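> I am attaching a structure below and will ask some questions about it afterwards.
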Amino acid sequence: MAALMSAAGVACTAAATPKARRQAVPRATQMKVALRGTSSLRASFAVAGVRGRASSRAWVVTTKAVLTGPAKVAPVVTAPRPDMQMPNMEDPWSDPKWAGVKWTVYRDVAYDLKPFIDRHPSGNWLLNLSVGRDCTALIESYHLRPEVAIARFRMLPKLADFPIDAVPKSPRPNDSPLYNSIRNRVRKEMFPEEGKAMHRTGGDRAAAIIMGTAVAAYCLFAQAPGILTGAFLGLAGAWIGLTIQHCGNHGAMSKHIWVNNALGLTDDLIGGSSLMWRYHHQVSHHIHCNDNALDQDVFTAMPLLRFDARRPKAWFHQYQHLYMWLAFPLMQVAFQIGDIKGLLTRDCDGAKLHGATALEMATVVIGKIAHFGLLLSPLAFHSGAAVACGVAAYVAVQGIVLACTFAVSHNVAEAKIPEDTGGEAWERDWGVQQVVTSADWGGNVGNFFTGGLNLQVEHHLFPAICFVHYPAISKIVAEESAKLGVPYSSYRTLPGIFVEFMKFVKDMGTAEQIGDVAQPKYKNELMLAKRKKWVQRAGLKTQPEDTAWSTRSEGTA
């Protein structure tokens with residue numbers, strides 16, 4: 001059993017060929033940037049040469065990470081968070097008129113969610129994420145049948161005189177031709193029985209195996225605490241973190257609310273916080289994947305780790321590919337600090353906890369007591385030194401496994417092209433953004449051991465679908481992406497993508513800082529057309545920066 005998790009990466013390579021399912025990115029010793037279309041990036045880098053052939057994403061151009069002219073850095077674009085008011089506008093979060101209202105904004109209309117909070121089919125913990133922000137992307141990405149969600153909104157009370165323009169706009173998944181084509185096929189081919197929530201089922205056996213492994217690991221640790229049993233418990237804890245807590249907090253492990261909530265709370269048992277996870281992971285990361293300003297997973301790594309060339313570079317970043325192995329074992333320590341800070345401030349950096357209830361806040365405290373109680377209870381029968389060694393091994397192993405698995409799919413060169421997250425969040429085609437900012441690896445075996453996190457593209461498109469269905473969905477995603485000419489990256493093995501991850505981290509340590517990209521590569525044409533009509537009706541020649549259409553303000557590097 002001790003080899004169960006550590007063998008996951010090796011097992012994923014069984015029956016696999018060395019080559020990626022789609023050709024991996026060619027090897028390069030310098031920073032790799034794919035130059036597609038017109039962009040400020042063309043003027044920012046001096047092309048040193050081209051090596052390799054067309055990859056699964058684009059022609060990859062090896063460039064020198066030096067500016068062509070004087071060492072100037074374009075202004076860094078800083079976005080207001082999705083739960084902070086637009087500049088020079090009314091603040092609905094502090095206005096007493098709206099203080100007691102569970103308001104949300106969906107497609108430019110403000111609603112009161114209170115009548116529906118306790119009747120939501122997937123429970124109020126998920127719907128609470130929508131309170132106090134534009135929930136469009138959350139709602140549309142979580143519902144396989146969007147017409148059901150739209151019908152429900154039509155039944156909710158609308159809020160007259162609500163300052164909608166003060167709320168930063170959300171991306172709109174339902175406007176994406178790619179997302180709609182993929183979702184329609186998934187509904188038709190995989191879940192034709194409408195209304196039975198079959199897409200949330202199928203993970204029962206996996207959950208039983210994972211929980212059984214965790215119980216066995218803890219029993220061994222309690223009977224004989226030490227480095228080996230602590231490491232095994234760390235592997236079991238990481239397996240929970242990757243799988244059942246992750247899917248449970250997405251509401252994707254069962255049709256029953258209590259099952260999803262219970263499995264989600266296992267995050268608290270292994271040392272995290274299910275509440276903080278839901279807000280930082282679902283509101284920030286999932287909606288704004290790899291957005292330099294809005295994805296918490298990108299900006300909270302700074303200043304220690306630099307995963308984006310738009311972030312400031314420090315001298316020590318050139319060594320980050322080495323010292324990150326000292327940081328990864330301490331990831332849980334960082335989570336503990338962040339959880340306590342979030343509890344005190346009702347803020348997890350990427351999103352404010354506007355909708356969190358008293359019970360949800362209490363789970364943070366109760367979870368910490370349960371976690372440390374379980375870890376330290378062997379002190380009643382064993383020496384402090386043995387328990388300390390076991391706890392240290394648990395924390396280190398769990399941190400390394402979780403950090404490596406979560407990081408690789410979004411931090412390879414082809415998933416970090418600045419153009420893909422250029423412009424405003426609402427300007428982009430949300431479906432395309434999820435595809436081009438992630439990279440898959442492995443297949444069914446990797447899917448079992450990672451809870452679908454190896455198929456990150458599919459998970460980002462369908463977070464409310466149980467991970468056991470992702471291998472089948474990946475075929476649909478690949479086919480529909482090819483039809484529309486959208487790059488889709490997939491590696492056959494974990495070692496294959498991990499090598500690219502390591503090269504990317506090293507490259508980011510030396511790459512010169514670049515400015516943000518003003519225009520997105522893949523645009524939400526419906527929203528842009530709507531903005532154009534708005535500008536025309538207002539009699540404006542250009543769009544003012546302080547209007548409701550602007551969700552960013554310029555700062556300095």
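The values are calculated or read from the model by the stated rules, or taken from the named source; none is laboratory data. Just so it is clear, the model here is predicted, and its values are computed rather than measured. Glycine also receives a Cβ, built like all others from the backbone with ideal geometry; neighbour counts cover every protein chain displayed. For the accessible areas, the whole protein counts, side chains as well, though only heavy atoms, and no ligand, DNA or RNA atoms are used. Shrake-Rupley method; radii C 1.70, N 1.55, O 1.52, S 1.80 Å.
> Counting only the heavy atoms of the protein chains, how much of HIS143 is accessible to a 1.4 Å probe, in Å² to the nearest 10?
50 Å²
> Quick one: Cα centre-to-centre distance for the range 257-305 and the range 359-435, in angstrom?
8 Å
> While we're here: In 10 Å bins starting at zero, report the fraction of Cα pairs in the range 115-156 per bin as a rounded %.
Taking every Cα pair in the range 115-156, the percentages come to 27, 69, 5.
> Viscosity 0.890 mPa s, temperature 25 °C: what is the translational diffusion coefficient of the range 311-420 from Stokes-Einstein with a Kirkwood Rh over Cα pairs, rounded to a whole number of µm²/s?
So the translational diffusion coefficient is about 144 µm²/s.
> Related question: Given the protein chains as shown and a 1.4 Å probe, how many square angstrom of ILE369 are accessible, to the nearest 10?
120 Å²
> Right, here's the next one. Could you name the aspartates and glutamates whose alpha carbon sits less than 12 Å from that of LYS158, not counting residues in the same chain fewer than 8 places away?
ASP108, ASP112
> Then there is this: Viscosity 1.306 mPa s, temperature 10 °C: Stokes-Einstein D of the range 107-199 from its Kirkwood Cα radius, in µm² per second?
Working: Rh = 14.5 Å.
Reported coefficient: 110 µm²/s.
> Taking the convex hull of the Cα atoms, report for the range 178-316 its projected area averaged over all directions, in nm².
Working: hull surface 47.1 nm².
Mean projected area for the range 178-316: 11.8 nm², to one decimal.
> Whole-Å semi-axes of the range 281-366's equivalent ellipsoid, largest first, each the root of 5 times a Cα gyration tensor eigenvalue?
In descending order the semi-axes read 27, 16, 9 Å.
> List, largest first, the extents of the alpha carbons of the range 380-505 along their principal axes, each in whole Å.
For the range 380-505, the Cα extents along the three principal axes come out at 62, 30, 28 Å.
> Expressed as a rounded percentage, what relative contact order does the range 209-319 have, with Cα pairs under 8 Å and six or more residues apart?
14 percent
> Then there's this: Output the peptides 127-138, 466-477 sorted from most to least packed, where packing is the average of other Cβ atoms within 10 Å over each peptide's residues.
Listed from highest to lowest mean packing, they are 127-138, 466-477.
> Still on this structure, please answer the following. For the pairs LYS97/LYS341; LYS341/LYS530; LYS114/LYS341, flag any whose C-alpha to C-alpha distance is greater than 31 Å.
Violating the 31 Å limit, Cα to Cα: LYS341/LYS530.
> Under Stokes-Einstein, with the Kirkwood radius over Cα pairs standing in for Rh, what whole-number D in µm²/s applies to the range 447-508 at 25 °C and 0.890 mPa s?
Working: Rh = 12.8 Å.
So the translational diffusion coefficient is about 192 µm²/s.
> Here's a follow-up. Out of all Cα-Cα pairs in the range 111-261, roughly what percent, to the nearest whole number, are more than 18 Å apart?
Of the Cα pairs, 68 percent sit more than 18 Å apart.
> Can you tell me the Rg and the Dmax, both Å, for the Cα atoms in the range 478-533?
17.2, 50
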